[in-house]
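Written out below as C-alpha cells is the structure these notes cover.
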C-alpha cells in the first residue's frame, strides 16, 4: 500500500464537530466528499476503496483513514459498508506530527472503535470530554502504524509486583533484598528480570524513576527543591543536585526556570 502522511498539529485538543456510526453503499456504490474546514477520521468495518486527490487506497476491515480539510475524496463500496467516523477541527500550534492517510490497526481496532463511540456519545452533553477522547485516539494513530508496532512483553508477575512496590515507596529508603522477598523471588533473578525488561539494574530503575518524578515535580509544582528531594527519596540535597545535573546537564533550579519559561 502506498505510504502517505499528513503533517497534523496535535499540540492542542481538537474540536469534535460530529461523530458516530454510519452505513454507506446501500443506494450508491460511489460517493464523493469534500469537507472544506474539517479533518475526517474513519475506522472501517468493510472492504472497498477510496481515492484522495487522485491517489487510490484499498479499504479493509480494521483499517483507519485520516483526511485533511479540502481533500477531494471518492469512496467505492461493495455493498453495505459500515464504519465509525469523526469530523473535527484542529487548532494550529506546535510541531506537527506525521499522520498516516491510511493504516492497518490490527488488534487496536476494537479499543479505538470503542473510544470513538464513547466520544460520539459524549458529544451532545460533554463536547470537551468528547474532544479530548478524540485527541487521545489521534495521538495513538500518529506516527508508526499500530499493527507494525512490536507487542509489549508480558511482565513476569514478580517483576510487576516489584515495580508496584517501588512506585508505592519511592519516597522512602528502598532495600533491594526486601523488594525481592516481597516479590517472592531471589535477588539475582529479579535483577535479571529488570535487565531484560528495562535494560537497567534494579538500582538503576529506582534512580531513573526518582529522577523522572523529580523533574515532573520541578516543572509542575511550586514545591521547594529541598522538599522535592525528600519526596522522591533523595533527601541529601547535595546528592539530589548532583543526580539531577548528571541527568539533564543543569541544576534543579535552572531546569525549573528554563522549563517553566518554555
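For this structure, a couple of remarks:
Yes/no per residue for (1) buried (at least 17 other Cβ atoms within 10 Å of the Cβ); (2) within 19 Å of the chain's Cα centre (by Cα); (3) in a loop (DSSP other than H, G, I, E, B):
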residue: 11; (1), (2), (3): no, yes, yes
residue: 21; (1), (2), (3): no, no, no
residue: 36; (1), (2), (3): no, no, yes
residue: 40; (1), (2), (3): yes, no, no
residue: 46; (1), (2), (3): yes, no, yes
residue: 49; (1), (2), (3): no, no, no
residue: 69; (1), (2), (3): no, no, yes
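- Unique residue being out of contact with any helix residue (DSSP H, G or I) (no Cβ under 9 Å at 6 or more places or on another chain), in contact (Cβ under 8 Å) with a residue 12 or more places away in the chain, closer than 14 Å to residue 137 by Cα and not in a strand (DSSP E or B) when the list is 92, 117: 117
- The lone exception for residue 55 - which of (1) farther than 15 Å from residue 102 by Cα; (2) surrounded by fewer than 16 Cβ atoms within 10 Å (Cβ to Cβ) it fails: (1)
- Sole exception among (1) surrounded by 18 or more Cβ atoms within 10 Å (Cβ to Cβ); (2) part of a helix (DSSP H, G or I) for residue 185, by number: (2)
- Members of segment 23-34 that are within 24 Å of residue 142 (Cβ to Cβ) and either touching a residue at least 40 places away in the same chain (Cβ under 8 Å) or in a strand (DSSP E or B) (or both): 33
Coordinate-derived values only; no laboratory data. Predicted, not measured: the structure shown is a model, and the values here were computed from it. A quick note on method: Cβ atoms are made from the backbone with ideal geometry, for glycine too, and the neighbour counts reach across all protein chains shown.
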